[in-house]
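**Q** Can you keep this structure in mind? I'll have questions shortly.
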Amino acid sequence: MDDEGLIRLQKLLALAGIASRRGSEILMLNGSVEVNGEVVTRLGTKVDPAKDVVRVDGKRLPPISGKVYLVLNKPRGVVSTMSDPEGRRNLSDLVADRPERLFHVGRLDTDTEGLIILTNDGDFAHRLAHPSYEVDKTYVAEVKGEIFPNVRKRLLAGVTLEDGPVTVTKARIMETRKDKSIIELVIHEGRNRIVRRLLDHVGHPVTRLTRTRIGPVRLGTMKPGEMRDLSREELGELLDNTEL
């Protein structure tokens, strides 16, 4: 970067792994690169890598910064805090080798497993956790009893709990038997024990619960306790979702 903190656009694209320097120049000349909403084809263009919004073929390129964005598959039995006065196993035990001061985005119940995002970017964490930005969260629940189609319709129609209504974006019955069923739900709220309370309200108490997706971020084959960086594409989409 120069003395003003600017960098040539094609060099930024190359450093981000979009393409080689020459390949990045071709992308620019083809009109595939936007900066702050404007197509940029001039090869000498410089940008601020920390502030300017750069897109390639419509996909957001996250800014270069010292921030970290991690996704963890939280195991069952781990408390969703960075410390615990009762001495229970918590998130800090799983990230003890990280040098950054991390905090979690939202929470999962101690008995719930699955995706949780950790970061040192306060603005990002606040917006991602806020329901007004409506970032979808997907859960797979094993519940007691046989779930019939009318229960799915009831969930999609909206359920009101003691602390207000809950909107279910999608509901899919994955398996159903007389003694237990498996259902997938998509919601964008993060109220305390919201999925457990929701399914209990419709007569199907949860016996096991996993969060499998947050926006574009999928659990995939991650094992309990495993952690990775958000990909460039995942982070770019989440930054767009939260209007950062």
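The values are calculated or read from the model by the stated rules, or taken from the named source; none is laboratory data. No experiment lies behind these values; they were computed from the predicted model shown. Virtual Cβ from ideal backbone geometry, glycine too; neighbours counted across all protein chains shown. When the accessible area is computed, the model is the full protein with side chains, heavy atoms only, and any ligands, DNA or RNA have been set aside. Shrake-Rupley method; radii C 1.70, N 1.55, O 1.52, S 1.80 Å.
**Q** So which residues in segment 91-136 are surrounded by 19 or more Cβ atoms within 10 Å (Cβ to Cβ) and part of a strand (DSSP E or B)?
**A** Answer for segment 91-136, where residues must be surrounded by 19 or more Cβ atoms within 10 Å (Cβ to Cβ) and part of a strand (DSSP E or B): HIS104, VAL105, GLU113, GLY114, LEU115, ILE116, ILE117, LEU118, THR119.
**Q** Filtering segment 21-66 down to residues that are over 22 Å from LEU235 (Cβ atoms) and small (Gly, Ala, Ser), which residue is nearest to the chain's Cα centre (by Cα)?
**A** GLY31
**Q** Continuing with the same structure: Does any residue in segment 26-48 that is at positive phi come within less than 8 Å, Cβ to Cβ, of a residue that is open to solvent by less than 60 Å² (accessible area, probe 1.4 Å) and in a loop (DSSP other than H, G, I, E, B) six or more places away or on a different chain, and which pairs are these?
**A** Matching pairs, first to second residue: ASN36/ASP52; ASN36/VAL53; GLY37/VAL53.
**Q** Looking at (1) among the aliphatic types (A, V, I, L, M); (2) under 19 Å from the mean Cα position of the chain (by Cα); (3) open to solvent by less than 40 Å² (accessible area, probe 1.4 Å), find the lone condition where MET82 falls short.
**A** Going through the list (1) among the aliphatic types (A, V, I, L, M); (2) under 19 Å from the mean Cα position of the chain (by Cα); (3) open to solvent by less than 40 Å² (accessible area, probe 1.4 Å), MET82 breaks only (3).
**Q** Which one of these does ARG42 not meet: (1) in contact with a strand residue (DSSP E or B) (Cβ under 9 Å, 6 or more places away or on another chain); (2) in the same structural domain as GLY17 (by the TED database)?
**A** Going through (1) in contact with a strand residue (DSSP E or B) (Cβ under 9 Å, 6 or more places away or on another chain); (2) in the same structural domain as GLY17 (by the TED database) one by one, ARG42 breaks only (1).
**Q** Please enumerate the residues belonging to segment 56-72 that are outside any strand (DSSP E or B), out of contact with any Ser or Thr (no Cβ under 8 Å at 6 or more places or on another chain) and modelled with pLDDT of 90 or more.
**A** Of everything in segment 56-72, just one residue is outside any strand (DSSP E or B), out of contact with any Ser or Thr (no Cβ under 8 Å at 6 or more places or on another chain) and modelled with pLDDT of 90 or more, namely GLY58.
**Q** For segment 209-244, which residues satisfy the criterion of being farther than 20 Å from PRO62 by Cα, of a type in the set (S, T, N, Q) and in contact (Cβ under 8 Å) with a residue 60 or more places away in the chain?
**A** If the condition is that a residue be farther than 20 Å from PRO62 by Cα, of a type in the set (S, T, N, Q) and in contact (Cβ under 8 Å) with a residue 60 or more places away in the chain, then THR210, THR212 are the ones that fit.
**Q** Restricting segment 232-244 to residues that are over 11 Å from the mean Cα position of the chain (by Cα) and in a loop (DSSP other than H, G, I, E, B), which is nearest to VAL195 (Cα to Cα)?
**A** Taking the candidates together, the pick is GLU243.
**Q** Could you list, in sequence order, all residues of segment 204-224 that are touching a Lys or Arg at 6+ places or on another chain (Cβ under 9 Å) and either in a loop (DSSP other than H, G, I, E, B) or open to solvent by 50 Å² or more (accessible area, probe 1.4 Å) (or both)?
**A** Scanning segment 204-224 gives HIS204, PRO205, THR207, ARG208, ARG213, GLY215, LEU219, MET222, PRO224.
**Q** If you scan segment 157-180, which residues turn out to be part of a strand (DSSP E or B), among the hydrophobic types (A, V, I, L, M, F, W, C) and open to solvent by 40 Å² or more (accessible area, probe 1.4 Å)?
**A** Scanning segment 157-180 gives ILE173, MET174.
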